[in-house]
Amino acid sequence: MATNVSAPASAQSSTFPTMVLIAGWLVPGAGHFMLRKWIRGTLISVSILAMFVLGLALKGKIYSPNTGDLLDVLNFAGDLGTGILYVLARLFDLGQAAVQVATADYGTKFIVVAGLLNIISAVDAHSLATGRKRS
Amino acid sequence: MTISHFGAVLLFALFTSVVFGITQRSDPRMMIRFGAFCFVLFVGGTIAASWVMWLIKH
């Protein structure tokens, strides 16, 4: 009787995939850099950084923690996805407290979507680290 | 900084498509194809929606 004693991939857990996930969230593209996916990491980093900076340049709003309107809470969650960029924006008081011009709404959405894309990228890096995604 | 509506659409579609392509496919060739597909859908969908809104108004 043949017995397969090889451990499943999930049993070989280490802290590395979690570190990749957290690094990818904190710094856009860092998760892919840790996995030596240089081109992917650079493309992700440039895309997310460009969206965030464009959002600020368009006078977009940076949401602060709130318990008000549901959409404000969701937008804050999206902003938080940018990781350290959000922290820097809050520290240096970047972004507008309230949308004042019509095109600033584009900027607000650019910042929120940058955060959401960063979360997708961090999860992708985590999937690569765990082997759930092939390459 | 000011930007036109269409310029905003193009930039949004470009950056979003790059990330979608990389994260949603495994093979580099498929990443490029899926990214291009997303870009066309974003821009084409916006143009189509714009015409629909124009037709509704007129």
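If the condition is being on the phi < 0 side of the Ramachandran plot, without any contact (Cβ under 8 Å) to a residue 40 or more places away in the chain, assigned to a loop (DSSP other than H, G, I, E, B) and of a type outside the set (G, A, S), then the stretch A:66-122 contributes A:N66, A:T67, A:D69, A:F92, A:L94. Taken together, the residues in the stretch A:99-115 that are in contact with a Gly (Cβ under 6 Å, 6 or more places away or on another chain) and under 15 Å from A:V46 (Cα atoms) amount to 3.
How many residues are among the aromatic types (F, W, Y) and under 24 Å from B:G35 (Cα atoms) if we restrict to the stretch A:11-69? Adding up the residues that qualify gives 4. Restricting the stretch A:123-135 to residues that are at the interface with chain B (Cβ under 10 Å from one of its Cβ atoms) and in a helix (DSSP H, G or I), which is surrounded by the most Cβ atoms within 10 Å (Cβ to Cβ)? Among those that are at the interface with chain B (Cβ under 10 Å from one of its Cβ atoms) and in a helix (DSSP H, G or I), it is A:A125.
Does the stretch A:25-67 hold any residues that are away from chain B (no Cβ under 11 Å) and within 23 Å of A:G107 (Cα to Cα), and which are they? Passing the criteria: A:W25, A:L26, A:V27, A:K61, A:I62, A:Y63, A:S64, A:P65, A:N66, A:T67.
Against the test of being within 14 Å of another protein chain (Cβ to nearest Cβ), surrounded by fewer than 19 Cβ atoms within 10 Å (Cβ to Cβ) and either among the aliphatic types (A, V, I, L, M) or under 17 Å from the mean Cα position of the chain (by Cα) (or both), the options A:V112, A:V101, A:V87 yield a single qualifying residue, A:V101. Among the candidates B:F12, B:F37, the residue that is part of a helix (DSSP H, G or I), surrounded by 13 or more Cβ atoms within 10 Å (Cβ to Cβ) and in contact (Cβ under 8 Å) with a residue 24 or more places away in the chain is uniquely B:F12. Evaluate the stretch B:19-30: report whether one residue or more is polar (S, T, N, Q), within 11 Å of chain A (Cβ to nearest Cβ) and either surrounded by fewer than 11 Cβ atoms within 10 Å (Cβ to Cβ) or not in a helix (DSSP H, G or I) (or both). Looking through the stretch B:19-30, at least one residue is polar (S, T, N, Q), within 11 Å of chain A (Cβ to nearest Cβ) and either surrounded by fewer than 11 Cβ atoms within 10 Å (Cβ to Cβ) or not in a helix (DSSP H, G or I) (or both).
Bear in mind these aren't lab numbers, they're just calculated from the coordinates by the rules spelled out. Quantities reported herein were computed from a predicted structural model and do not represent experimental measurements. With ideal geometry, Cβ positions are generated from the backbone for all residues, glycine too; neighbour counts draw on all protein chains shown.
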